Every structure is written in C-alpha cells, then in structure tokens.
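The values are calculated or read from the model by the stated rules, or taken from the named source; none is laboratory data. What you see is a predicted model, and the numbers here were worked out from it, not measured in a lab. When we count neighbours, we look across all protein chains shown, and the Cβ atoms used for this are built from the backbone with ideal geometry, even at glycine. For the accessible areas, the whole protein counts, side chains as well, though only heavy atoms, and no ligand, DNA or RNA atoms are used. Shrake-Rupley method; radii C 1.70, N 1.55, O 1.52, S 1.80 Å.
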Amino acid sequence: MTVLKHLTQRLKVSVGVLAVSSTLISSAFAKNDINIDYEKFTTDNGLTVIVHEDRKAPVVAVAVWYKVGSKDEPEGKSGFAHLFEHLMFNGTENYDDEWFGPLQEAGATGLNGTTNFDRTNYFQTVPTPALDRILWMESDRMGHLLGAVTQEKLDEQRGVVQNEKRQGEDQPYGSVFTHIFEGLFPIGHPYHHTVIGSMEDLNSASLDDVKGWFNQYYGPNNVILVLSGDINAEEAKPLVNKYFADIEPGPALSKWEAWVPKRSANTREVIQDKVPQSRIYRLWVSPENTSSTATDLFIAASVMGDGKNSRLYKELVYDQQIATNASVFNYELQMASIFGVTVDVKDGVDVAKVEKEIDKVISEFLRKGPSKDEVKLVSTKQRASIIRGLEEVGGFGGKADTLASGEFIAGDPNYFKTELDELAKATPKDVKAAANKWLKEGWHQITVVPFIEHTASTESVDRSSGLPPINAETQLSFPEVTQTTLSNGVNVVFAKRSTVPLVNVAVQFDAGYAADAGGKLGLASFTTQMLDEGAGKYDALELAAELEQLGTNLNAGSNLDTTTVSMSMLTENMKPSLALLGDILKSPTFKEEEIERQRGLILSNIAQQKTRPVSIALTLLPPLIYGNDHAYGIPFTGTGAAQDVKEITRSDLVNFKNTWLRPDNATIFVVGDTTLDTIKPMLEKEFGRWKVKGNKGVKQITEASMPEQGQAIIIDRPGAQQSLILAAHLAPPTGADNNIAINAMNKTLGGAFTARVNMNLREDKSWSYGAYTFLQDARGQRPFMVYAPVQTDKTGPSLHELKKELNAYVGDKPPMANELERARLDEVRSLPGQFETANAVMYSLLSSKRFNREYNYPESLVEKYNGLSLDDLSSAAKEVLHPEKLTWIIIGDAEKIKADVEAAELGPVSVQSMNSL
C-alpha cells in the first residue's frame, strides 16, 4: 500500500516506480464517493505531465517528481541524491537566490522537497496568479541550474545535510535506520545504505559529482510534472511548453526495478543507545510495492499492530502491560519492502519475556490468520484515510501527490484505486498465505537497549614512572606422576587432575609418519583415520552414536615419531568409554566401503593441499633436506602421496595396525579426575590380555648430512599477490642436551612477535603480515625453518633481509642481553599457566615419552632458563644456523620474482609449475 504516507513520514522516506503514456482518463472511486479527472500528456522532450482540474479554490498544486533516488547512487557516493535535493533550493542561473523568498511573496503553501530510495520530489501549492512564477522557477532549476552551483554552495549544503544527519541520529533510536538497511539488504544492494548516506561519502562529494548527477538524472524525460487545482489541460499545455519545452532531454538510463533478497537465517544485533527504554525491531524483507502481496501484508501489519485494538498492542500494552507501545508496518518500496514489528519494552520488564510474547502473537496469526471482520476493518480504515487525503489538491497525500505517486509506481495516476480494489477483494485466506510465505525464517532483529552512563574515578594512578615492575614470580604446579604396568607389560603413566569430572586417556605408539618410510606414503595417517570407522560389533555410524551418547570425544593422529589414540570421557562413563577404546584399538573392522570413503576424502585433501602454499612447501621440503631414503624424507603433512594412497589396500591397513599399533609398542597415559587404583582394573580388563603375533616395527632414523650449498626452488603460481618463502635445513634433535638454549636462541631470532625477523619484515618494512623462524619437533634431526609470506614486489628485498638477519645473528650482531632477558622472562613466567588443563599435562607427558625425558621435565625448566647465558645462545646459533645451506621454497609468480630470487644469491635457482606437483 504505497499510500501509507504516515509510515513514509515516520521512516523519513517514501515510495515509487515508473510511467509514460498520453491519454485522457476519467475515473471515480468505488461507490462513486469521489471523482478525479485527469489528463496526461508527454512533451516532445519527454516530460510527463498530469493535469487535474479542481476549481473549489483559486490555487494550483505543482508537484515535480524526478525518477531518481538514493538507490541510484554509485559506490562511495551515498547521500548524494538527498544532498542534490538541497542544492535545488539554492538558486539558478537566472535567479541566483534562495528558493523560498519569491514563493513566500506569492503566498505559496506546503512547499518542500523530499528524497527516498527511489525518487526525489519537489512540491508547493500556489495561488492561481502565481502559477507562471512557480513554473518559471521549476523549469529554471530543471534546465538552468549548474551555472549557479558553486563550491561555496556545495560546502554550505553539505554542512546542512550533515547536521540533519546528526540531528536525526542524535534522537532516541535515531541510529537504528542504518542498522535496519545494512542488516536486511546485502552489500551491493541499492538499499544497503540509508538515504542520508555516510559522513565520509558526503565529504567526498564534488562539483563534478553535482554536474554528473544533474546531467544524468535531471532531464525532463526522467520527470513527472503534476498540476492539480484551478487549471485544466487546455490551460496547462501552453504554459508547460512555454517554460519546459526548450530543456534538453537527458541520456538513456539503466535502472534497477526489483531485487528482493532471499534470507533464510535469522540474525540479531543489540545496540546500546541513550534511550529511555528498550525497543525491539523484528524485520523481514517483503515484496516490492506493486506486488498484490504487498496489500495482503499491509492488512497483516494493520491487524497485528495498527491501533489499540490490534493484536500486539492489545496483548502487550493493554492486557499484559509489559510494553508501552506496539506497532507493525509494511514499508513499501520499488525494489523490495520491509515488514516490521516495533515494540517498546516497559521499564523493568525483561526483554526476553517481551520477545517471547511477540513470538506467540505472530505464531498465532500465522496459524489462524485474520478474521473477516479484521480484514474488512482494515479496508474501511484505509479507504477513509485515502479519501480524507484527497480533499486537498496538494500536500502530503493530496491529489497531486497521489497522482504523481501512482504514475511513478505503476504508470497509472489512479493506481490508488488498484490498491483500494485489492483491499476490497482481500480475504483472510490470502492474508494468512502471504504472512506464512514472508514472515517465517530470515528476519533481522535489532534490540535497542539503554546505555548505562558510567563515570571515571577522579583519582588516577601515577603513570609518570612507567610500567609497574613485576616483583614476584609464580610457581609451576605440575601434578605428581606415577607409573604402573599391566599384566601384558604395557606401561601406564598416571597424573591426577580433578578440576572437572573428566578423564583423558591416550595410548601412544612408537610409529608416526616415519613408519611410512620405504613403503606407501600416507599409510600411517590412513590407518589412524580408519580406527573409528567401525570396530568390534559397531559400524562407523553406530560407533559414533555410542561415543556421542557417552559424551566421549575420540581423536587419533600422528606426528613424525608417534601415533596416538586418545579419549576424553566423563568420569562417570569411564568403563563403557574404555570398552569402546578397546574395540577401536584391538578390533577395527577396516570395512571395504569405509576404506573407499576415507580414500576419497584423503585424496581430496591432498588435492587441496596442492593449492595451499604452506602445504606445498611442507610436502616438497622434507625430501630435499633429509634425502628421499630418510625416514623423515616424507611430506610433513602426513597425508602422503596421492598415488600411494590410491594403491593402499585393506591388507596394508591391517598390516600397519598389527606391526605398529600393538601392546608391545604402546604406552598408556591417564590424566584426570580419577585414581590409579580406580582406573587400572578397567585398563587391565580392556588391554591387559591384549597380545599380537609377529614382530613390531622398527624405524631407522639415520643421521642426515647438510648440502654443500643452498638452493632455491620457485613454484610458479601466476597471478599470486604474495610470495610464500619457506626455507629449511637440518638442526639438532628436540631431545638435544642444549635444547633450551636452542629454543631461546630461536625465540630471539624469529620465534616470537618481537623477535628480529618479524620486527624487520612486518613492523619496520610492512612487507609481511608475519615472518618467523621455528624448529619442528623430531626425535631425530629436526628442521630449522624460516617462514615469510611477503608481497610479490618485495620478494627479493625480503630474501636479502632474511639472509641479513640470519648472518648477523652468528656474525656482527649476536644475541643481546635484553633479548635473552625478554625470552627468559617469557618462558619462566608463562610456564605456570601452560599446564592449567588436563590436556596440557597430557601433551607434556606424551612429549616427555617421545623425547626420552623424565615425566616431571617441566619442573626443571625454570632453573634451565634462568641459567642461560649469552654464550649459550651464541653457541646454539653457531651450531644451528647455516644460512648458506638453506633450501628455499618460494611459491609465487615466477615471471615477477625470478630475477629477484636469483639476485639474492641463495644458490642454484630452478622453477617448477604448480601443475607439476
């Protein structure tokens, strides 16, 4: 119902669409309540003119509607349609003064202009003798405006509009309209921004923008002119031709007509504002204004929330008295409309309670729909409202406004009669159907809540002395670790943590990705992925269901050296959970159909890894630094090689499980809310009799040697915006005696945000989002790695800086005292918080087993870090860092970076295509 002017004024916008024809039409309201005769004609330059004769008073209403609104604004120019409307009142080339003076002198009334999403209009009612004056003025600003628009006027009106924006948004709930349109309409939709626009866009408006907007949209062929009152078409035509005929028409235009976005998910936001009480806005996108469904939704809105007898108002305000106001509207626009519920929550009432009651009223309406009497009442009220408005020839809702609106919306000046006819024919069934189609899921709710004023204390801390010192140290609290052995010799390591009623159990096997060496790469990973795809009497789905019912989480995975299967279970469900763990480890079914399903997932993952720069580098580097025959010379991703995965058979999986995942190759770890005496019998029952035949697997982790010189391999990724730099060479094992010194050295070089590498490439140069060095844990020699994703044009300079930092650390810029102290304090002071959870304790125990450490290893770290010296870090650097022997993988656009890579003197440079991987 586009005639809802009260709603239009309330939302500070109104409605519209398009039109053109030339024919004389005489029509009347239903039941002959009133007749509106009009004649429509089009001038040679495209101006659409509608004339209605009403001689009851010697006045003529003049309405000029330009078919352009905020929806036509280009990106970055929000608010321009409205700003231009203001400029239209600031004088023309032939009358360079304020618009209102001559009209006040003439006795004009109801003069104004408005802009909405779809159109811009200007209107006034003048005494008949002043008709020539107003037509001269309207035609002068239509055809002769630009010469009078100056930078001073633009700046002045920009300020006026910005103050209008501030004034509106400074009102209670005033900022909500921006959130409404941004919440309902996606980015790129012409209704995504408000009519008044953003401050930033208003500030950017230029004189060139003014000229472009005027020339594109303000030609007569994009305008509707309505003359209503003491005039007829015969009198109007010569006047219109006299003043408007010589104005040049504008260009052909391309415009949006309809775009109703589909929303399937409900969204919410809460806004704090200086408001007296909370207000709930529940909003849906609804059809455009010319849709007959819009009339049905208008009726639905009226029944639910228009007046004291409407359903929401009566229920929430009158009966329950939990709200002070409740209304519902269907705000109609050309491309899409907004159906909304607005409820003011009574002070002291819970917003959630009011929302619940809103849901009840809406649900009841959707279930039953309106009654016949309610539909009839809405039709009668709206018909009466329209008739009252048409008593005037001008003004909001008057005859000129109504005729122009109908022409703009539907090419029919009497379109209001179509709306009245739709109202008269509407049925409860139609209204219910429309509501159920459009008012289900997909709403956006905005809840505006009072912002509680807070005040700062008048007393403040003295900050002149700088950062407060840290005068005390916290102590590490690591649980006592005890051990026992099951009857088959499996070692059990136990630590009690009773913070929450959970127990974590992990079974670690001496296997890992390195167990793939010499065989089919990816077998370790494939096998662990199959463990929960059916075991014992359960198929994959049944096993998952059993775990879910117990609230138990299962994880299985590997690193280079070990394979671990773990469970997190509720203390109360230890027994059934451990029974499932026993099935998983002892009796996995390895069904062929599940094998094929997992194979497909793994191959898909490998294919995806070939598109991810980091995964590519972690696949290519290990064989280059360890050699193809080394146990670690395999992809660090663990997924293996696609061809090998394709060839893995059920027999391979069974053999891997029997060779590596077996009791004589296992250690069981328990951390959580139980005692060893309680859980040991359960473990004994499930695993104490577990025995397998044959010999367990043995890995050969040999000593690898570094190359004589480094090399660089460019993986060509045409069009890449960044180059990923990942370099590596061998370093001592994680279990090395000086591992603490190595870690501290790395932390100061590139292992922390404040380390040298990151401070150089990110904070100083801004070439990278983050650049680091790190050491990947391994029982044998581990890789020292350099990582730096950098912008393409800084690939060469970044390589030079990385080499400079590495060489300087072992050369003329060794570690400094402040760097060591920062690293030492970080490690020592963060240590107590590192073992807060049972999972953290479990990880420590697993690592200690992997690297042959005492299980209370964390308790020794404070002393070790406090004992570090600069000589320790320098010695570690000389042992670890060999920049000239790094193997560099650089993934980026080879055409753009190859010359820079060669100039960096990293060693021989080769190029591979992504397709060759």
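Select from the range 53-110 the residues that are open to solvent by 10 Å² or more (accessible area, probe 1.4 Å), of a type in the set (S, T, N, Q) and part of a helix (DSSP H, G or I) and list them in ascending order. The one that is open to solvent by 10 Å² or more (accessible area, probe 1.4 Å), of a type in the set (S, T, N, Q) and part of a helix (DSSP H, G or I): Gln104.
For residues in the range 867-892 being at pLDDT 95 or above and more than 24 Å from Gly811 (Cα to Cα), which is surrounded by the most Cβ atoms within 10 Å (Cβ to Cβ)? Only one residue tops the list, namely Ile890. Looking across Ile616, Ile715, one residue alone is of a type in the set (Val, Ile, Thr), touching a helix residue (DSSP H, G or I) at 6+ places or on another chain (Cβ under 9 Å), under 21 Å from Leu906 (Cβ atoms) and in the same structural domain as Glu905 (by the TED database). It is Ile715. Among the numbered conditions (1) open to solvent by 60 Å² or more (accessible area, probe 1.4 Å); (2) touching a strand residue (DSSP E or B) at 6+ places or on another chain (Cβ under 7 Å), the only one that Gln709 does not meet is (2).
Figure legend. Inter-residue proximity from the range 669-696: first residues open to solvent by 30 Å² or more (accessible area, probe 1.4 Å), second residues among the basic types (Lys, Arg) and modelled with pLDDT of 95 or more, beta-carbon distance below 6 Å, spacing 6+ or different chains. Indicated pairs: Met682/Lys575; Val692/Arg662; Lys696/Arg662. Please go through the range 616-636 and pick out each residue that is in a helix (DSSP H, G or I) and either closer than 18 Å to Phe526 by Cα or acidic (Asp, Glu) (or both). Answer for the range 616-636, where residues must be in a helix (DSSP H, G or I) and either closer than 18 Å to Phe526 by Cα or acidic (Asp, Glu) (or both): just Thr619. Taking first residues from the range 905-917 that are within 16 Å of Thr619 (Cα to Cα) and partners that are surrounded by fewer than 16 Cβ atoms within 10 Å (Cβ to Cβ), the Cβ contacts under 6 Å between residues at least 6 apart in sequence or on separate chains come to Leu917/Lys610. Flag: Ala506 does not match the condition of being open to solvent by less than 70 Å² (accessible area, probe 1.4 Å), at pLDDT 95 or above, touching a Pro at 6+ places or on another chain (Cβ under 6 Å) and under 27 Å from Ser830 (Cα atoms). For the range 555-563, the count of residues that are surrounded by fewer than 21 Cβ atoms within 10 Å (Cβ to Cβ), over 24 Å from Lys685 (Cα atoms) and touching a strand residue (DSSP E or B) at 6+ places or on another chain (Cβ under 7 Å) is nonzero.
Listed conditions (1) in a strand (DSSP E or B); (2) more than 30 Å from the chain's Cα centre (by Cα); (3) among the basic types (Lys, Arg) are all met by Arg282, apart from (2).
Within the range 597-632, the residues that satisfy the criterion of being open to solvent by 40 Å² or more (accessible area, probe 1.4 Å) and of a type in the set (Val, Ile, Thr) are Thr611, Val614, Thr619.
When the residues of the range 175-192 are filtered to those that are more than 18 Å from Met335 (Cβ to Cβ) and either without any contact (Cβ under 8 Å) to a residue 24 or more places away in the chain or open to solvent by 40 Å² or more (accessible area, probe 1.4 Å) (or both), which remaining residue is farthest from the chain's Cα centre (by Cα)?
Of the range 175-192, the ones more than 18 Å from Met335 (Cβ to Cβ) are 175-176, 178-179.
From what's left, either without any contact (Cβ under 8 Å) to a residue 24 or more places away in the chain or open to solvent by 40 Å² or more (accessible area, probe 1.4 Å) (or both): 178-179.
Values: Thr178: 18, His179: 15 Å.
My answer is Thr178.
Among the residues here, Leu761 does not qualify as open to solvent by 20 Å² or more (accessible area, probe 1.4 Å) and of a type in the set (A, V, I, L, M). Only one entry in Gly751, Gly770, Gly811 is buried (at least 17 other Cβ atoms within 10 Å of the Cβ) and in the same structural domain as Glu902 (by the TED database), namely Gly751.
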